[in-house]
Every structure is written in structure tokens, then in C-alpha cells.
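*Asks:* Have a look at this one.
The values are calculated or read from the model by the stated rules, or taken from the named source; none is laboratory data. Please read all numbers here as calculations on a predicted model, not as lab measurements. Note that each Cβ is placed from the backbone with ideal geometry, even for glycine, and that neighbours are counted across all protein chains shown.
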Number of protein chains: 2
Amino acid sequence: MNNFTFYSPTLFAFGDGEEQNTGALVRRFGGTKVLMVYGGGSIKRNGAYDDAAASLRAAGIPWVELGGVQPNPRSGKVYEGIELCRREGVDFILAVGGGSAIDTAKAIGVGVPYDGDFWDFFSKQAAEKTVPVGVVLTLSATGSEASDSSVITLEGENLKWGNIKSDIYRPVFAVMNPRYTCSLPAYQTASGATDMLSHIMERYFTPTEHVDVTDRLCEGLMKTILTAAPKALADPSDYNARADLMWAGMLAHNNLCGVGRRQDWASHQIEHELSALYDCAHGAGLAVVTPAWMTYVMDRDIARFAQFAVRVFGCEMDFHQPENTARAGVERLVAWLRSIGMPTTFAEIGARAEDIPALVAHRAKKPGAFPFGGFTPIHEDDMTAILELAAR
Amino acid sequence: MNNFTFYSPTLFAFGDGEEQNTGALVRRFGGTKVLMVYGGGSIKRNGAYDDAAASLRAAGIPWVELGGVQPNPRSGKVYEGIELCRREGVDFILAVGGGSAIDTAKAIGVGVPYDGDFWDFFSKQAAEKTVPVGVVLTLSATGSEASDSSVITLEGENLKWGNIKSDIYRPVFAVMNPRYTCSLPAYQTASGATDMLSHIMERYFTPTEHVDVTDRLCEGLMKTILTAAPKALADPSDYNARADLMWAGMLAHNNLCGVGRRQDWASHQIEHELSALYDCAHGAGLAVVTPAWMTYVMDRDIARFAQFAVRVFGCEMDFHQPENTARAGVERLVAWLRSIGMPTTFAEIGARAEDIPALVAHRAKKPGAFPFGGFTPIHEDDMTAILELAAR
């Protein structure tokens, strides 16, 4: 096990009805005037907007609003939010929604007390101060409600995206009512489950030895997701399945599963190129890339992939030819992804084999683009080979 | 899953060498003058004392000391510490050691800013303020380094003990170097592992339904302990086994495993009577009581005990007679406890069957003594029956 620092100071208020504490929580963490950040109409349809407004009102906390945040959130809304906070004297930011609203709130938070351009924190320096951010979560997927990161796309410069990481970005509280997620479309539920599964797998596949305790936590959470997602799809109003997914999604990305080990993140890196070019859902891109990545890299540590197959998917161990077990794990993962309605082929996300050179070339334009991946280094030819496997 | 609040804002600095950050962490959390609280000579032998002193010195932070805290820590040291903090203008308390030093530090912390008797917080009211407490952990067992509780014995009044719970008691940081635990005697290592296993089992055996995600986390941590403890006993210097135990011990009791479910704690309650009368190690008492409690109550939910047997101990499921599986789980637990050198019989801890009425009567003197236990209510005759099972 490697040395690590783990600091997850977010307060979680979890369960149906906990949204009534939103205003009191804002006050507990020092807020007297709020910027409420959200996306489109879903929070107005599922009641989250009205509930948050009622709770702020009951606590006597005035607020201003920034709506219309889009998936893969853009810098434009961040600049708009910073300006609004300064003009209105906002001292607390409340994101109501999923990862896009939360990531936008985080970026606004560090931008408000900073004289320069907020993008500096996404490109060259660490933030030291932030306006506190609270969350009312309405979607289980990104884990941003407790994570130390934010991903924003800079408009204008060929849609360059930045991903920052620091404990300063951890929200001070997250209100998590699984009921809000019961109205999610099936595809979004499945994409979210795939995203959280991937957040764990990116940590699980590590070259670090002797990480038993985190392996066990990863495996337990992955098994929870494998069981809960089909239940939520079979009966969208299954509160307990929604609750399992919501709590697992948080734990998948607050780094409890990743401490003390080198992490991978190669599948995420490759997926970013797919969703940039084809505008597919992040979870869908991951469903296509991850099995291909596994197949390509498993020879580096067959034992770990066999362990994954046996412990997570209940495969029988082939003690004499563990590579058979490792491969069976990938097959079971693909079958599970298909069972929840995820695409697993290039064609299903509108991707084309002939675009592979362009996908790799686009990646190559980034500074320090290759190699990437903590499990095993992925060079340009490796990325090409993985995409070719995915395109089959 | 029940609604819950989870707030674990402790910063963990984990790994060999992290003790060098102690002084900087004290400063980060506002400390300018420290009370160092510790027990006997072990922290002088294992280097933890010298390391903490060196780090405080390097950070330019002066300190005063309160040594000599004993196992099952007493109120006398708390009063002494409060007095010392006030006299010396201390604004940060650093516990160096295990649960006794930490619990004492927590009680001193709330006592310093309070005009009345600190015992008020253990008997009748909630604390609202505390001097911040940091920890350098040298023993994996109680989980007090991140828990929201403190247990102190009040001297003078027939050794009454108090157990308080509130997020205010969570330390602001915990430095966790597994290397410090490599010099622990085997019996203390085994007792600590038993204590942390029990912290999980007290949460695992619940009447709350649909708690899959926390079940899986509990099972993963229990399996980690079952594997790591024998390794640490076979080779006391096995850093990775010590690291697994240290991290699992924290997670066993910061309540990550207990959220959203009713918890039990009956075995702990019964054990307190054993260790009060016979002065046995807490872990040893738990090793004797827990299997008896399991045998006595399993009929209330055979499925859960069978799940424990299959998932934690790898027992074969008897699908037609699951009670056989449930019983096999208890047998495997007893065998494991014996394998790590724990007592599992009354005789081995110096207890006697003829004392059972006195043990139950002593419990009965407490206000609201019966029934207790969240899995199933334990009345006087139940406690008698459990102790009789343990005495066989």
C-alpha cells in the first residue's frame, strides 16, 4: 500500500425528505445569500427545484439563480456565475442537479474570490480559496457531490477541457434524496451506473501490490452496482435500488476506493476523445472503451483480472489457465452492460473505425498526451490498438 | 435503507513517514500550543513519542504533556488535562497512542471551553464546542481516531462509565503509520482485530432491510481483517498486513458501515459487564460473548446469518436448511478467533458460570438497562441465556 492523504469532509444528508434541511445546512456552513446553479427542466419536473426553494425560503436565505447549465459544462456559464455572485454579494453556491451543475458551481466557487481568470485554476495554478459549495443531488453518476474535482470545457479554443483536482473542490454538504432519481430515463440511469462502475474500475486496476482493503471495498461497491442498476431499470421507482446506486456512486468517486494505490484512468482518457467527436454519453463511451482496454492490457497482470472476474462477477476460477477466467470476466462485463441497455460497439455510438487515426491524432495534440494510464502506459499505438478492438 | 447523516471530516495522513507531517497538520488546524496526551512507555519504545516531538519542534509549536493514561481511561486524567490546558493556554490537543489516549483527549477537548464539569457531557447534555483534537495512532483497534465517540470511566462512583457520541468528537486529523503497530504483542494485535471485527458485526446484524451497499462494505472489511490479522501475527513486521488492519480498523468505526441501518451493540453491552468484573481485554470479552449472542439470536433472521457465513467465511450454502449454514458461520468465527489466539470460553477469561446472576444484576442497576440491542431486544432472561451459552 502506498502512502496517502484522504480528506472527505463533506456532510451527507441522505434519504427521502432530507432536502428539507437544505436551508439549514446552507446556514450551518455560513451561507447568507445563495447562488442556485442548475441545468434544464428536470429539477423543475422532479420537484427538486421547488423543494430547494422552499427550504431556502423557510431558512430565510435569499438567492439568485443560474439555470441552463448543459451536459459537459462550459466556461460561459462559469463566467456568468462569477459575475452574478459578485454583483449580488453571494457567499454560498448551491448546485441542484448532477455533475454538470456541481462542476459549474465548483468552478464559480474558486473564481469569485480570484482577481484573474478562473481558467487559470484549470490550466496552471492551484486555487487557495473558494466560496463554499453545497449540493442537492438529483442524478447518480459522476460522484461530483463529494469528489475533489471539476471538469469544465473552455469555449472558443476548440473546446479544450480542463480537469482540476484538489480537496478545496469538495462540497461542504450534499443532500442526497434517491427519490429524485426515480424519474430518470432508463438510458440515463444505465449511463450513470456505467460511469460509477468505471470510476471504481479505474482505481481497481492498479500496478500497486498489497491493496487488499481497498480491493475489497471496490469489489463490494461494484457488486452493489451490478445488482442495483438492473433493479432500478426493472422498476424505476424502486427506492432501495436508487438509494444503493446513489450512495455507491458517491463512494465510487470520493476516492475511498483509490487511496494507497496507483490509479489508471486510461479508459476515461480514451473515452473523452469519443465523446468529443461523437457527442455520445460519457457512460456509453466508457461501455465501449473499457472492455477493449481490459482485453488489451490484461496480460500485464492476469491474476488481477482473474480476481476481478471471480470476486465481482462470480466466474469460476480456471486455476490452470487463469487467462480464461480473466477473459470470462470481460465477457460477463459486456453481457451486463448490454443487459442494462448500454452500447458496447463502435457502431452503436455512431463511431467509425476509419476515424481512429483522427481520434489518436486529436489526443496527440495535447501537451504530454502520451503515454497515459497508471496501470500500464498507453502510447499512441496502444490507443490505436484499443480503439481497433473496440471497433470490431 | 433508513435516512442518515454521515459526516467524517477527519483528514487522514496514512503511511510510513507521515508522522513527519504532524506539526504541519497541527498548524493547519489552527494549533499554536499543544497538549500531548499519551499512555505508558510503548510510544517511547516504538518511536512515536520522539517522532511527534521532533515534528512539533520542527514546526515551532511548543507543547506540554499529559502521560500515564491507562486502558479504560479514567476521569482523573481528564480533569488533570483540562486544568493543564487552561493553565498553559493550550489550543490544540494531540493524542499519541490508541483509544485510551484519544478518548481522554476528546473528553479534555470539550471540557476546556466549558465552565461546568466535563462529565455533564457524558451524562446529561451535548457539547457544543471543543478544542480541536489530532491523533498520532499507534494501535489498530478502537477506531477512535475517526469515530464520533469517547468512553470514559468516572472514578469514585463505583467506576461508572459514560459513552458519548457526536460529530464534535471526530478528530480533525489522524496520522496513521502502520509501522508503529509492528511492535505490538501478539495478544494485543489479536484483541484489536477482534474489536474492529466486532465494530462491523454490531452494524452488520440489523433488522433494517435493503441495506445492500453497506452489507457489501461490511463484508469486504471483515474479509480484510480475517486475512490480515493472521498475517500480522505470523510476521509482526508485515507492513501491508498492518496497513490493512489500521485502515480497516478506522473504517470499522467511523460509521461508514453503519449508515442507513439500525445497529445492534448487544455484544458490546454484555462484554462491558465481563471486562468490568474480570478486567479482561475488551477484544477477549467480545470473542467470548459474540458467538454466544449469534447462536442465541440467529433464529430471528436465519437468512442474514447464512449470508454472513457464505459471504464472509465462504461457507457452502445449505439451500434447504439455511440454519446449518448460519451455524457453520458461527463455528468458523470461533475457529478463526482461536486461530489468532483469542479466548472463546468463559474459563479462559477467568469468568465463572456462577457469576452470571451477578453480571445480569449489575447491568440491571443502570437506568434503562433492559432491553438493549438493536437487532433484537435483549431482556434480562436473554442476557442470562447468552451468558449461559458463553459459559458452556
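*Asks:* Search the range B:381-392 for residues that are in contact (Cβ under 8 Å) with a residue 24 or more places away in the chain and pair each with any residue that is part of a helix (DSSP H, G or I) and polar (S, T, N, Q) when their beta-carbon atoms are under 7 Å apart and the residues are at least 6 apart or on different chains.
*Replies:* Short answer, once both residue conditions are applied: B:LEU389/B:THR295.
*Asks:* Tell me, please, whether a residue that is farther than 21 Å from A:ALA146 by Cα and of a type in the set (Phe, Trp, Tyr) can be found in the range A:238-258.
*Replies:* Scanning the range A:238-258 turns up at least one residue that is farther than 21 Å from A:ALA146 by Cα and of a type in the set (Phe, Trp, Tyr).
*Asks:* Could you list, in sequence order, all residues of the range B:260-269 that are more than 9 Å from every other protein chain (Cβ to nearest Cβ) and part of a loop (DSSP other than H, G, I, E, B)? So that I can check it myself, show each step before the final result.
*Replies:* First, the residues of the range B:260-269 that are more than 9 Å from every other protein chain (Cβ to nearest Cβ): B:261-269.
If the condition is that a residue be more than 9 Å from every other protein chain (Cβ to nearest Cβ) and part of a loop (DSSP other than H, G, I, E, B), then B:ARG261, B:ARG262, B:GLN263, B:ASP264, B:TRP265 are the ones that fit.
*Asks:* With within 18 Å of B:SER166 (Cα to Cα) and either in contact (Cβ under 8 Å) with a residue 12 or more places away in the chain or among the polar types (S, T, N, Q) (or both) as the only criterion, which of B:VAL96, B:VAL90, B:VAL110, B:VAL64 stands out? I'd like the intermediate steps shown before the answer.
*Replies:* Working: B:VAL96 fails: within 18 Å of B:SER166 (Cα to Cα); B:VAL90 fails: within 18 Å of B:SER166 (Cα to Cα); B:VAL64 fails: within 18 Å of B:SER166 (Cα to Cα).
Unique residue meeting the criteria: B:VAL110.
*Asks:* Now for a different question. Output the residue which, of all residues in the range B:201-213 that are crowded, with 18+ Cβ neighbours inside 10 Å and away from chain A (no Cβ under 12 Å), is farthest from B:ALA335 (Cα to Cα).
*Replies:* Only one residue tops the list, namely B:THR206.
*Asks:* Answer with yes or no whether B:ALA287 is assigned to a helix (DSSP H, G or I) and without any contact (Cβ under 8 Å) to a residue 24 or more places away in the chain. Before the answer, list the steps.
*Replies:* Working: assigned to a helix (DSSP H, G or I): yes; without any contact (Cβ under 8 Å) to a residue 24 or more places away in the chain: no.
Spelling it out, it is not the case that B:ALA287 is assigned to a helix (DSSP H, G or I) and without any contact (Cβ under 8 Å) to a residue 24 or more places away in the chain.
Yes/no per residue for (1) over 17 Å from the mean Cα position of the chain (by Cα); (2) on the phi > 0 side of the Ramachandran plot; (3) not aliphatic (A, V, I, L, M):
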{"site": "A:MET250", "(1), (2), (3)": "no, no, no"}
{"site": "A:ASP264", "(1), (2), (3)": "no, no, yes"}
{"site": "A:GLU271", "(1), (2), (3)": "no, no, yes"}
{"site": "A:GLY285", "(1), (2), (3)": "no, no, yes"}
{"site": "A:TRP293", "(1), (2), (3)": "yes, no, yes"}
{"site": "A:ASP301", "(1), (2), (3)": "yes, no, yes"}
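*Asks:* For A:ALA190, are the conditions met, namely being over 26 Å from B:SER8 (Cβ atoms), under 16 Å from the mean Cα position of the chain (by Cα) and not assigned by TED's automatic domain parsing to the domain that holds A:TYR49? Explain how you work it out, then say what you get.
*Replies:* Numbers: over 26 Å from B:SER8 (Cβ atoms): yes; under 16 Å from the mean Cα position of the chain (by Cα): yes; not assigned by TED's automatic domain parsing to the domain that holds A:TYR49: yes.
Considered against the rule, which asks whether it is over 26 Å from B:SER8 (Cβ atoms), under 16 Å from the mean Cα position of the chain (by Cα) and not assigned by TED's automatic domain parsing to the domain that holds A:TYR49, A:ALA190 comes out as yes.
*Asks:* Further, regarding this structure: Does B:THR189 meet the test of being at pLDDT 95 or above and more than 14 Å from every other protein chain (Cβ to nearest Cβ)? Lay out the reasoning, then the answer.
*Replies:* Details: at pLDDT 95 or above: yes; more than 14 Å from every other protein chain (Cβ to nearest Cβ): yes.
So B:THR189 passes the test.
*Asks:* If we scan the range A:170-189, do we find a residue that is over 22 Å from B:TYR7 (Cβ atoms), of a type outside the set (A, V, I, L, M) and free of Cβ contacts under 8 Å to residues at least 12 places away in the same chain?
*Replies:* First, the residues of the range A:170-189 that are over 22 Å from B:TYR7 (Cβ atoms): A:181-189.
Going one step further and asking which of them are of a type outside the set (A, V, I, L, M), we end up with A:181-183, A:185, A:187-189.
With free of Cβ contacts under 8 Å to residues at least 12 places away in the same chain added as a condition, the list becomes A:185.
Yes: the range A:170-189 contains one or more residues that are over 22 Å from B:TYR7 (Cβ atoms), of a type outside the set (A, V, I, L, M) and free of Cβ contacts under 8 Å to residues at least 12 places away in the same chain.
*Asks:* Another question about this same structure. Can you pull out every residue in the range B:58-91 that is buried (at least 17 other Cβ atoms within 10 Å of the Cβ) and either of a type in the set (Val, Ile, Thr) or not assigned by TED's automatic domain parsing to the domain that holds B:PRO171 (or both)?
*Replies:* Passing the criteria: B:ILE61, B:VAL69, B:VAL78, B:ILE82, B:VAL90.
*Asks:* Which residues, counting only those in the range B:214-259, are of a type in the set (Lys, Arg) and more than 9 Å from chain A (Cβ to nearest Cβ)?
*Replies:* Quick first cut of the range B:214-259, residues of a type in the set (Lys, Arg) only: B:216, B:223, B:231, B:242.
Correct list: B:LYS231, B:ARG242.
*Asks:* Go through the range B:1-101 and tell me which strands (runs of 3 or more DSSP E), entirely inside it, have 1 or more residues that are more than 14 Å from every other protein chain (Cβ to nearest Cβ) and farther than 30 Å from A:ALA228 by Cβ.
*Replies:* Details: elements: B:4-7, B:11-14, B:34-38, B:63-66, B:92-97.
In the range B:1-101, the matching strands (runs of 3 or more DSSP E) lie at B:34-38, B:63-66, B:92-97.
*Asks:* With the checklist (1) in contact with an Asp or Glu (Cβ under 9 Å, 6 or more places away or on another chain); (2) touching a residue at least 40 places away in the same chain (Cβ under 8 Å) in hand, flag the one item B:ALA328 doesn't pass.
*Replies:* Among (1) in contact with an Asp or Glu (Cβ under 9 Å, 6 or more places away or on another chain); (2) touching a residue at least 40 places away in the same chain (Cβ under 8 Å), B:ALA328 violates only (2).
*Asks:* Can you find even one residue in the range B:207-223 that is under 21 Å from B:ASP16 (Cα atoms) and in contact (Cβ under 8 Å) with a residue 60 or more places away in the chain? So that I can check it myself, show each step before the final result.
*Replies:* Initially, the range B:207-223 is screened for residues under 21 Å from B:ASP16 (Cα atoms), giving none.
Scanning the range B:207-223 turns up no residue that is under 21 Å from B:ASP16 (Cα atoms) and in contact (Cβ under 8 Å) with a residue 60 or more places away in the chain.
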